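Peer 1: Here it is, the structure in full.
The values are calculated or read from the model by the stated rules, or taken from the named source; none is laboratory data. Everything numeric here is computed off the predicted structure, so don't read it as measured data. Positions of Cβ are generated from backbone atoms using ideal geometry, with glycine treated the same way; all protein chains shown enter the neighbour counts. The protein model used for the area step is the full one, side chains on, heavy atoms only, and it has no ligands, DNA or RNA in it. Shrake-Rupley method; radii C 1.70, N 1.55, O 1.52, S 1.80 Å.
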Amino acid sequence: MSYTLLPSEELQSLAPELVAASRVIKNNDDLWYVKYKKSTVDEEKRDFLAHLLGKDICNIAEVKLLSGFEHTEIKTLLNLDADSTQQNTFLVRLGGSYRIDELPNKTLEKAVATELVYSVWIRRRDTHSMNRVYLEGIPIFFDHQTAFLGEPGDAHSTMFFRHNPDHGHPAFWRIKVIPNSEKMDTLRARNVPENEKAYHYINDKDKFLEEIEISVNAVKRVGESDLIPHIKAAGFSEGMVETINNFLKVNLLTLESDVEQMKEILFRP
């Protein structure tokens, strides 16, 4: 498997928000952002698990963990520093490389509803626009380092929804209704005041509320299945497998009341 840098003209077309980035690579027809952050613990596992559990119900970007050979190749290609390892370096599929027919959710209301309900279940707090791209007006999301007990203090919904000082927390989540004729795009959603980065855009409030109920049931179907093989596949230690499984099963029991808390926040002024 051989990776190459994505030419700047392709990057401008597919991901103008990343034009200044130097970590977008391609492998045949697959396009990836190389995510690398020093001193992280299990971040690659949490991102991968979020993809594994959500890929059939959410517009969630694919995550790929690297073999030793792939990591060495990419580390050399991008001239990453010595702190880059297989654990803190992994791939996230470029949102702009998707086709609409690949996405589970092809309407705006359904896409937003599933992202938010799924995020409540796994306790992914930072659903802001820097962690989202738009494909023909439909959102695709990524980044799950806060989920799956990445921030243990947010395990209980009371703390998860508590007030916090910036747009990276659920207390700032808001729904913004835009006209049917209007399509949101990635750059526009990001080029806003800080508090508006927590906005989620829809066209129809009633339809969105219907999709929330459908999303709750979809997440329940996932959560009621055997999650342990997926948690193990993400590479968590034996002790963490049971801990994360229990965390997700408990959150499933409170999902409906948690979503009610979420809805109350979403429609605040």
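Peer 1: Those residues that are assigned to a helix (DSSP H, G or I) and either within 22 Å of Ile214 (Cα to Cα) or of a type in the set (A, V, I, L, M, F, W, C) (or both), I need them from the range 38-57; list them, please.
Peer 2: Phe48, Leu49, Ala50, His51, Leu52, Leu53, Gly54
Peer 1: Applying the selection to the range 61-73, what residues are among the aliphatic types (A, V, I, L, M) and either farther than 22 Å from Pro16 by Cα or in a loop (DSSP other than H, G, I, E, B) (or both)?
Peer 2: At the first step, the residues of the range 61-73 found to be among the aliphatic types (A, V, I, L, M) are 61, 63, 65-66.
Those that are among the aliphatic types (A, V, I, L, M) and either farther than 22 Å from Pro16 by Cα or in a loop (DSSP other than H, G, I, E, B) (or both): Ala61, Leu65, Leu66.
Peer 1: Taking the options Ser2, Ser22, name whichever one is touching a residue at least 60 places away in the same chain (Cβ under 8 Å) and open to solvent by 60 Å² or more (accessible area, probe 1.4 Å).
Peer 2: From the options Ser2, Ser22, the qualifying one is Ser2.
Peer 1: If I filter the range 93-139 down to residues being among the polar types (S, T, N, Q) and in contact with a helix residue (DSSP H, G or I) (Cβ under 9 Å, 6 or more places away or on another chain), which single residue comes out as most open to solvent (accessible area, probe 1.4 Å)?
Peer 2: The residue in question is Thr107.
Peer 1: Within the range 116-130, is there a residue that is touching a Leu at 6+ places or on another chain (Cβ under 8 Å) and of a type in the set (Lys, Arg)?
Peer 2: Scanning the range 116-130 turns up at least one residue that is touching a Leu at 6+ places or on another chain (Cβ under 8 Å) and of a type in the set (Lys, Arg).
Peer 1: I'd like the residue in the range 109-162 that is in a strand (DSSP E or B) and free of Cβ contacts under 8 Å to residues at least 60 places away in the same chain and, out of all such residues, is nearest to the chain's Cα centre (by Cα).
Peer 2: This residue is Arg132.
Every residue, every condition in (1) open to solvent by 60 Å² or more (accessible area, probe 1.4 Å); (2) touching a helix residue (DSSP H, G or I) at 6+ places or on another chain (Cβ under 8 Å), yes or no:
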residue: Glu194; (1), (2): yes, no
residue: Ala234; (1), (2): no, yes
residue: Lys249; (1), (2): yes, yes
residue: Met262; (1), (2): no, yes
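Peer 1: Give the residue that is surrounded by the fewest Cβ atoms within 10 Å (Cβ to Cβ), with candidates limited to residues of the range 236-245 that are of a type outside the set (D, E, K, R) and in a helix (DSSP H, G or I).
Peer 2: Our first condition is that a residue be of a type outside the set (D, E, K, R); within the range 236-245, this holds for 236-237, 239-241, 243-245.
Narrowing further to those that are in a helix (DSSP H, G or I): 239-241, 243-245.
Working: Gly239: 8, Met240: 18, Val241: 18, Thr243: 16, Ile244: 24, Asn245: 17.
Per the stated criteria, the residue is Gly239.
Peer 1: With the structure loaded, tell me whether Lys106 is assigned to a loop (DSSP other than H, G, I, E, B) and either hydroxyl-bearing (Ser, Thr, Tyr) or under 14 Å from Ile57 (Cβ atoms) (or both) or whether it fails that test. Let's see the steps before the verdict.
Peer 2: Details: assigned to a loop (DSSP other than H, G, I, E, B): yes; either hydroxyl-bearing (Ser, Thr, Tyr) or under 14 Å from Ile57 (Cβ atoms) (or both): yes.
For Lys106, the condition - assigned to a loop (DSSP other than H, G, I, E, B) and either hydroxyl-bearing (Ser, Thr, Tyr) or under 14 Å from Ile57 (Cβ atoms) (or both) - is met.
Peer 1: Same structure again: Determine, yes or no, whether Ala82 is outside any helix (DSSP H, G or I) and out of contact with any Pro (no Cβ under 9 Å at 6 or more places or on another chain).
Peer 2: When the stated conditions are applied, Ala82 passes them.
Peer 1: Further, regarding this structure: Looking at (1) open to solvent by 70 Å² or more (accessible area, probe 1.4 Å); (2) of a type outside the set (Ser, Thr, Tyr); (3) not in a loop (DSSP other than H, G, I, E, B), which is the one condition that is false for Ile175?
Peer 2: Condition (1) is where Ile175 drops out.
Peer 1: Hey, among the residues in the range 205-223 that are open to solvent by 80 Å² or more (accessible area, probe 1.4 Å) and of a type in the set (Asp, Glu), which one's farthest from the chain's Cα centre (by Cα)?
Peer 2: Out of the qualifying residues, it is Asp206.
Peer 1: Could you list, ordered by first residue, the pairs with Cβ atoms under 8 Å in which the first is in the range 242-269 and of a type in the set (S, T, N, Q) and the second is assigned to a helix (DSSP H, G or I) and open to solvent by 20 Å² or more (accessible area, probe 1.4 Å), at least 6 apart or interchain?
Peer 2: The qualifying pairs are Asn245/Ile228.
Peer 1: Might you let me know whether the range 184-191 holds any residue that is within 18 Å of Asp126 (Cβ to Cβ), open to solvent by less than 10 Å² (accessible area, probe 1.4 Å), not basic (Lys, Arg) and not in a helix (DSSP H, G or I)?
Peer 2: no
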